[in-house]
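Working notes, beginning with the structure itself.
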Amino acid sequence: MHEAGLARAAVAALVDASAGARVRTVVLAIGTGVDIDAAAAAWHGAATGTCLEASHVEWRNAADRLRCFACGCEYDGGRLDPCPSCGGNGIVIAAADELAVVDWMS
Ligand SMILES: [Zn+2]
């Protein structure tokens, strides 16, 4: 499963960053189109047996980078979010990472 590889990579990066100390809270962002249940299951599978096993996980939606068709303004948001400066429609120019670590607290 695709999510499993992403979760394993994120867990490995956090185990490194925390030097194996217990991590109390992890904030994770998932990109558009990623199923949160699948991501959560993958996370729990990857975290089991590590210092992240008992971590509380907060999930956020990662923002895509969009550019407005009308005024060319670039902004962060969801796929259907209107341009903040003119209210026009934007197109995604850089999709958010499918699974990214936003923050963590030990
Ligand atoms: Zn605009």
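Here, each number is a calculation from the coordinates, and none is a lab measurement. The shown structure was predicted, so the numbers you read here are calculated from the model rather than taken from an experiment. Neighbour counts run over all protein chains shown; Cβ positions are idealised from the backbone, glycine included.
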Counting DSSP beta bridges with both partners in the stretch 2-105, what percentage is antiparallel, nearest 5? 70
For TRP104, residues with placed amide H under 5 Å, excluding near neighbours: VAL27
Highest-MSF residue in the chain out of ALA29, ALA39, ALA21 [GNM, Cα springs under 10 Å]: ALA21
Taking the simple approach of a point 7 Å from Cα along Cα-to-Cβ for both ARG65 and THR48, what is their distance in nm? 3.8
In whole angstrom, the spacing between the Cα centers of the stretch 1-44 and the stretch 46-64 equals 5
About its Cα centre, the chain carries a charge dipole, from +1 on Lys and Arg Cβ atoms and -1 on Asp and Glu Cβ atoms, whose size in debye to the nearest 20 is 120
What percent does the relative contact order of the chain come to when contacts are Cα pairs within less than 8 Å and at least six residues apart? 35
For the chain, one quarter of the surface area of the C-alpha convex hull, expressed in nm², comes to 7.0
Net charge near VAL102, counting Lys/Arg +1 and Asp/Glu -1 over other residues with Cβ under 13 Å of its Cβ? -2
Charge tally in the Cβ shell below 14 Å around GLU3, where Lys, Arg are +1 and Asp, Glu are -1, GLU3 excluded: -3
As I understand it, the value is the acute angle between the Cα axis of helix 2-17 and the longest principal axis of the Cα atoms of the chain; what does it come to in degrees, rounded to 10? 70
For the chain, what is the calculated [θ] at 222 nm in deg cm²/dmol (nearest 500), taking -39500 (n - 2.57) for each run of four or more DSSP H residues and dividing by its residue count? -8500 deg cm²/dmol
Calculated FRET efficiency for the pair VAL92/ALA40, C-beta based, R₀ 30 Å, to 0.05: 0.75
For ARG8, placing the label point 7 angstrom along Cα-to-beta-carbon and taking the stretch 37-81, residues whose amide nitrogen sits under 14 Å are 42-48
How much net charge surrounds VAL23 when only other residues with a Cβ under 13 Å from its Cβ are counted (Lys, Arg +1; Asp, Glu -1)? -2
